[in-house]
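The values are calculated or read from the model by the stated rules, or taken from the named source; none is laboratory data. Quantities reported herein were computed from a predicted structural model and do not represent experimental measurements. Neighbour counts are summed over all protein chains in view; Cβ atoms, including those assigned to glycine, are modelled from backbone coordinates with ideal geometry.
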Amino acid sequence: DAVTPLLTWADTRAGDAAAALRAELGDRLGAVHQRTGCRVHASYWPAKLRWLRESDPQNWSKVTRWESFAEFLAGKLQGGAPVSLSMASGTGLLDVHLGSWDPELLALLGITADQLPRLIDREEPLPALRPGFAKRWPTLSRLPWYPAIGDGAAANIGAGAIGRGKLALTLGTSGALRVILPDQHLEEVPPDLWAYRLDRAHWVLGGALSNGGNVTTWLSDLGLNGDTSTETLSAQAAGFSPDGHGLTMLPFLAGERSPSWKDNAQGAVVGLTLNTGPAHLMRATMEAIAYRFATLYAVLRPLLCPEHEIIANGGAILRSPLWLRIMADTLNHPITALDPEEEAAARGAARAALHALGAADELAAPVASTAVYSPVAERHARYAAGQARQTLLEERLYPQGVSWDTMDR
């Protein structure tokens with residue numbers, strides 16, 4: 001049975017524990033990032049495990065096995081469940097080059113490899129369903145079950161984005177930019193990015209934003225001045241010119257991951273006047289989040305083919321033509337939009353299972369798109385100016401990466 005609560009990447013309570021671990025690792029911090037592909041950050045397991053040990057030592061001592069919800073569920077359905085390299089690579093505890101748990105980090109955290117699931121690749125089937133579930137679902141009992149893979153990797157597969165010529169842009173509750181590359185010796189993990197595994201044959205390189213559609217939803221939920229649904233505010237925001245609201249925003253309401261990795265970051269808006277309305281804030285929010293994507297894109301672009309496609313998926317952006325236009329103009333690159341009804345991650349998981357079964361020759365298949373949004377040079381220039389202001393504001397509020405609430409004021 002579960003001993004601790006379920007902790008997600010969005011739980012930032014481990015921010016102080018992450019800072020303590022970074023200080024403890026000192027000049028070894030860069031080597032840890034290169035081995036594990038993950039920064040020492042509140043969203044990953046090392047910081048969460050340190051925080052749990054310090055905040056709840058009684059329950060910590062009861063734990064015999066640490067696992068994600070996917071392995072917990074599979075354990076209930078099928079017995080002791082192993083973990084795929086894909087899922088393990090997103091913990092921050094895996095040596096992504098060797099495909100084994102990292103002994104230095106385990107020792108630092110006071111856990112052993114025996115307390116973690118056995119590692120397998122995504123093509124190795126799980127045990128059969130337990131008798132009770134097999135009786136309940138006889139059809140499913142006759143089918144092979146495969147281990148979970150990371151939702152980001154699955155979204156790339158479902159969007160048909162594999163190889164240096166295709167970049168997946170996901171914007172739902174949160175956001176991410178990812179490229180899947182064939183296995184090869186990785187000289188260096190770029191400092192602003194993470195390096196996960198889809199399997200032993202593929203890397204998943206990219207960055208994740210903690211803030212996306214969750215921020216536009218927060219804004220609409222505030223109920224500022226009448227009908228402030230996301231749809232209404234977006235329609236009003238579409239009537240404004242690019243960066244025409246006079247606002248500069250740091251959209252860090254849920255903290256921040258890539259590219260700045262600030263555990264305790266908080267949001268800020270500069271430039272408010274008596275004429276600022278909810279629709280101005282909505283437009284500023286969309287643009288501010290697009291600027292974060294642009295910063296990530298600049299880091300990822302050298303890994304891509306000169307001629308590459310950016311494929312957008314995720315409910316928040318696919319249901320917003322305005323956000324798609326803003327994104328294309330900000331990145332200064334055409335954006336291919338998938339059908340909003342296509343759930344890329346679910347499609348990708350199904351495709352990965354078919355590939356493991358041998359029922360699909362290729363891991364990814366072309367996906368139908370609904371539209372391509374092309375950038376406009378004049379709009380790009382205005383957004384570039386807005387992004388420069390955002391960068392300046394971030395540097396002023398968070399010098400050397402410190403948290404606003406710990407600064408001397």
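Among the residues making up region 354-364, a single one is hydrophobic (A, V, I, L, M, F, W, C), surrounded by fewer than 14 Cβ atoms within 10 Å (Cβ to Cβ) and assigned to a loop (DSSP other than H, G, I, E, B): Ala359. In region 377-390 there is no residue that is in the same structural domain as Ala235 (by TED's automatic domain parsing), part of a helix (DSSP H, G or I), touching a Leu at 6+ places or on another chain (Cβ under 8 Å) and under 20 Å from Ser234 (Cα atoms). Looking only at region 161-185, which residues are in contact (Cβ under 8 Å) with a residue 60 or more places away in the chain, farther than 20 Å from Val40 by Cα and among the hydrophobic types (A, V, I, L, M, F, W, C)? Ala161, Ile162, Leu167, Ala168, Leu169, Leu171, Val179, Leu181, listed by residue number. For region 78-103, filtering for residues that are at pLDDT 95 or above, touching a helix residue (DSSP H, G or I) at 6+ places or on another chain (Cβ under 9 Å) and assigned to a helix (DSSP H, G or I) leaves 4.
Residues being of a type in the set (Lys, Arg), out of contact with any strand residue (DSSP E or B) (no Cβ under 8 Å at 6 or more places or on another chain) and outside any helix (DSSP H, G or I): count how many of those fall in region 116-166.
First, the residues of region 116-166 that are of a type in the set (Lys, Arg): 118, 122, 130, 135-136, 142, 164, 166.
Remaining after also requiring out of contact with any strand residue (DSSP E or B) (no Cβ under 8 Å at 6 or more places or on another chain): 130, 135-136, 142.
If we keep only those that are outside any helix (DSSP H, G or I) as well, we get 130, 142.
Of the residues in region 116-166, 2 are of a type in the set (Lys, Arg), out of contact with any strand residue (DSSP E or B) (no Cβ under 8 Å at 6 or more places or on another chain) and outside any helix (DSSP H, G or I).
Among residues of region 307-330 that are closer than 21 Å to Ala345 by Cβ, those with a Cβ under 6 angstrom from a residue that is hydrophobic (A, V, I, L, M, F, W, C) and assigned to a loop (DSSP other than H, G, I, E, B), sequence gap 6+ or separate chain, pair up as Ile311/Ala159; Ile311/Ala161; Asn313/Ala159. Taking (1) under 29 Å from Val367 (Cβ atoms); (2) more than 22 Å from the chain's Cα centre (by Cα); (3) at pLDDT 95 or above; (4) in a helix (DSSP H, G or I) in turn, Ala235 satisfies each apart from (3).
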